[in-house]
1. Local charge sum around residue 39 (other residues, Cβ-Cβ under 15 Å, Lys/Arg +1, Asp/Glu -1)?
2. Which of the peptides 51-60, 151-160 is most tightly packed, and how do the rest follow, going by the mean number of other Cβ atoms within 10 Å of each residue?
3. Within the set of other residues whose C-beta is less than 14 Å from the C-beta of residue 125, count the net charge using Lys and Arg as +1 and Asp and Glu as -1.
4. Peptides 161-173, 106-118: what's the order by average Cβ count within 10 Å, highest mean first?
5. How much accessible surface does residue 70 have with a 1.4 Å probe, in Å² rounded to 10?
6. Which of the aspartates and glutamates could a cross-linker span from residue 152 if the Cα-Cα distance has to be under 18 Å and same-chain partners fewer than 8 positions apart are dropped?
7. Which order do you get for 32, 119 if you rank them by accessible area with a 1.4 Å probe, largest at the top?
Amino acid sequence: MMSKIRLPMWFGAGMFVLFCHGGPALAEQGLLDVKGSGTVGITDFALVPPGCNVGDNPCEANFTLTGKGFADFTGPYNLSAIEHVNLGFVMPLFGQGPSPLCFTAGLDTNETTANGDTLEIIGAGSACFNGSDSTAYTGSWAIGVGSTGTGKFANALGTGNTVLVVDLTNGGIFTDTGAIQLKH
């Protein structure tokens, strides 16, 4: 059975950004360039169903993350997220043969800005164990596809990429890039 401390992994495999066509094209489409970063910590860990092991189907490792960030289009914000790692489905690593350490992963993030506006972001990527207590996640995110927002983020659309590097004991950092369209 894996513990919170012994479930180190590296999350990999970036996804194509749908809306990011360059500076002038963003303005023509009413899209805002997204650049943000911040810090996170793991506040909880659970296996679903409890006690499942790698290779069991179903078996999902859920990491609860909380943190703070700053984006050029939102200013400062607080975030909470759940990383879902499907331990029952092993996938190839970087196009090579199957690796027993790589799994599909999803990231559900909720951001709240200083004025109370909220934004839900849905992400997808892959998770790979790296053999230490440090992890990294690279995946794509989407806004407006099964996600919600309030205030200036109501009916927003967007896509981009996230890179998250976390030490399982001491917390970590993340960066976001992409584009968002706000509908007023």
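1. -2
2. Descending mean neighbour count gives 151-160, 51-60.
3. Surrounding charge for residue 125 is -3.
4. Taking the mean over residues of other Cβ atoms within 10 Å, the ranking is 161-173, 106-118.
5. Taking all protein chains as shown, residue 70 has close to 120 Å².
6. Correct list for residue 152: 33, 72, 111, 117, 120.
7. Reading off the accessible areas and sorting them downward yields 32, 119.
The values are calculated or read from the model by the stated rules, or taken from the named source; none is laboratory data. Predicted model, so just to flag it, every value in this text is computed and none were measured. Cβ coordinates were reconstructed from backbone atoms using ideal geometry, including for glycine residues, and neighbour counts include every protein chain displayed. Side chains are part of the model used for accessible areas, which takes the heavy atoms of the whole protein and leaves out ligands, DNA and RNA. Shrake-Rupley method; radii C 1.70, N 1.55, O 1.52, S 1.80 Å.
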